[in-house]
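In what follows, a single structure is set out as structure tokens and then discussed.
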Amino acid sequence: MAMGRGSVIVVLTLSLWLVLHCEMAHSATYTVGDANGWTFNTVAWTKGKRFRAGDTLVFNYGPGTHNVVAVNKAGYKACTTPNGAKTYNSGSDQIKLVKGQNYFICNFVGHCESGTKIAINAL
């Protein structure tokens, strides 16, 4: 049985909607540090959690007390900010994870070294 042009468009539209809906249903939002927020000794906060590309991290902190810098692996390990790194400082930053490694630090003096950093592998 042949499908008409209108039927094909309906099927394609429904298929696209299902794909988008399923992708959105899998996205989660995580508050980094839970009730404590983005602060010292947050480095272990990721343990036991499973992250996916498209999940959103919410970094809550007092503006002026911390910031969030998206860094590469070298920046994470050395607690340094590479040239061109994106810095957030609103106190309520929302960042979507990309597939693969995601690294975040606070680059205020001594903060990263005191555990205000996280490394996440998003599937």
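Observations on the structure shown:
- Qualifying residue in region 108-120 (condition: under 19 Å from Ser27 (Cα atoms) and surrounded by fewer than 13 Cβ atoms within 10 Å (Cβ to Cβ)): no
- Near pairs, Cβ below 7 angstrom, 6+ apart or cross-chain, from region 46-64 (more than 16 Å from Lys117 (Cα to Cα)) to any residue that is surrounded by 15 or more Cβ atoms within 10 Å (Cβ to Cβ) and of a type in the set (Phe, Trp, Tyr): Asp55/Tyr30
- Output for region 90-103, where each listed residue is in a loop (DSSP other than H, G, I, E, B) and in contact with a Phe, Trp or Tyr (Cβ under 8 Å, 6 or more places away or on another chain): Gly91, Leu97
- For the residues Gly84, Gly100, Gly91, the requirement of being free of Cβ contacts under 8 Å to residues at least 60 places away in the same chain and under 12 Å from the mean Cα position of the chain (by Cα) singles out Gly100.
- Among the residues of region 44-61, those identified as over 20 Å from Ser92 (Cβ atoms) and touching a Gly at 6+ places or on another chain (Cβ under 9 Å) are Ala44, Ala53.
- Residue within region 88-104 that is touching a Ser or Thr at 6+ places or on another chain (Cβ under 6 Å) and at negative phi present: yes
- Per the conditions (1) surrounded by 17 or more Cβ atoms within 10 Å (Cβ to Cβ); (2) touching a residue at least 40 places away in the same chain (Cβ under 8 Å); (3) of a type in the set (Gly, Ala, Ser), the sole criterion not satisfied by Gly75 is (2).
- Filter result (out of contact with any Asp or Glu (no Cβ under 8 Å at 6 or more places or on another chain) and crowded, with 18+ Cβ neighbours inside 10 Å) within region 90-107: Asp93, Asn102, Tyr103, Phe104, Ile105, Cys106, Asn107
- Residue satisfying condition, being surrounded by 10 or more Cβ atoms within 10 Å (Cβ to Cβ), modelled with pLDDT of 95 or more, in a strand (DSSP E or B) and out of contact with any Pro (no Cβ under 9 Å at 6 or more places or on another chain), within set Thr42, Thr87, Thr46, Thr80: Thr87
The values are calculated or read from the model by the stated rules, or taken from the named source; none is laboratory data. Keep in mind that what you see is a predicted model, and the values were worked out from it rather than measured. Heads up, the Cβs are rebuilt from the backbone with ideal geometry, glycines too, and the neighbour counts pull from every protein chain shown.
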